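Contents: one structure, followed by commentary.
The values are calculated or read from the model by the stated rules, or taken from the named source; none is laboratory data. It should be emphasised that the depicted structure is a prediction, and the values quoted were computed from it without experimental measurement. Heads up, the Cβs are rebuilt from the backbone with ideal geometry, glycines too, and the neighbour counts pull from every protein chain shown.
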Amino acid sequence: MRPIALTTVLAGIALIGLTAFVGTSRPTLELSYTADCQNSADWQSRLVAEGFDVRPAQVSNLSLSEQQAMMTTPASMRDCKIGRVAGYSVIGEVASGDIVTLLRRKPADVIALARDNQTDETVAIHYDGSVERSRARQ
């Protein structure tokens, strides 16, 4: 008998949690990425496997609202891809669990989640441009 890979089990648990959260519908993430974005396909595949409906679009330039979201994002968190889900921006390869937490909590003062490339953590970006780091990781 073959042992089950830990990643398969974790993906299954995440999918069960996501299905319980959203019922039978899958949250849709509208993804814009530039042509030079090397790793967007891997992240898209992980999100789909974890229960998201991803609608990718390669763009030559990000839209005005996407550019504004990037401008309020510190430089270490900017990326070549940005998603929109339920009115929030998702900048960089944010983990699906962090996106689900955002969708569950629906914080009114948060405009985006971003992946900090220096600390390898997900942060919340507020309307005033302030960055909130996870208290568990500080």
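Tabulated results
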read-out	value
Every pair of residues 6+ apart whose Cβ atoms lie under 7 Å, when the first sits in segment 40-62 and is of a type in the set (A, V, I, L, M) while the second is surrounded by 14 or more Cβ atoms within 10 Å (Cβ to Cβ) and assigned to a helix (DSSP H, G or I)	L47/S96; A49/A11; V54/Q44; V54/L47; V54/V48; L62/M70
Subset of segment 29-83 (residues that are among the hydroxyl-bearing types (S, T, Y) and over 26 Å from V131 (Cβ atoms))	S45, S60
Qualifying residue in segment 55-76 (condition: over 11 Å from the mean Cα position of the chain (by Cα), modelled with pLDDT of 95 or more and in a strand (DSSP E or B))	yes
Residue that is surrounded by the most Cβ atoms within 10 Å (Cβ to Cβ), among those in segment 80-106 that are charged (D, E, K, R) and either assigned to a helix (DSSP H, G or I) or touching a residue at least 40 places away in the same chain (Cβ under 8 Å) (or both)	K81
Residue within segment 69-90 that is touching a Gly at 6+ places or on another chain (Cβ under 6 Å) and either closer than 22 Å to D53 by Cβ or of a type in the set (G, A, S) (or both) present	yes
Of residues in segment 16-54 being over 16 Å from L102 (Cα atoms), modelled with pLDDT under 80 and not small (G, A, S), the one surrounded by the fewest Cβ atoms within 10 Å (Cβ to Cβ)	T24
Filter result (touching a strand residue (DSSP E or B) at 6+ places or on another chain (Cβ under 6 Å), in a loop (DSSP other than H, G, I, E, B) and modelled with pLDDT under 90) within segment 107-131	Y127
Count - residues of segment 91-113 that are closer than 14 Å to H126 by Cα and among the aliphatic types (A, V, I, L, M)	7
Given (1) under 27 Å from R26 (Cα atoms); (2) loosely packed, with under 14 Cβ neighbours inside 10 Å; (3) of a type in the set (A, V, I, L, M, F, W, C), index of the condition V59 fails	(2)
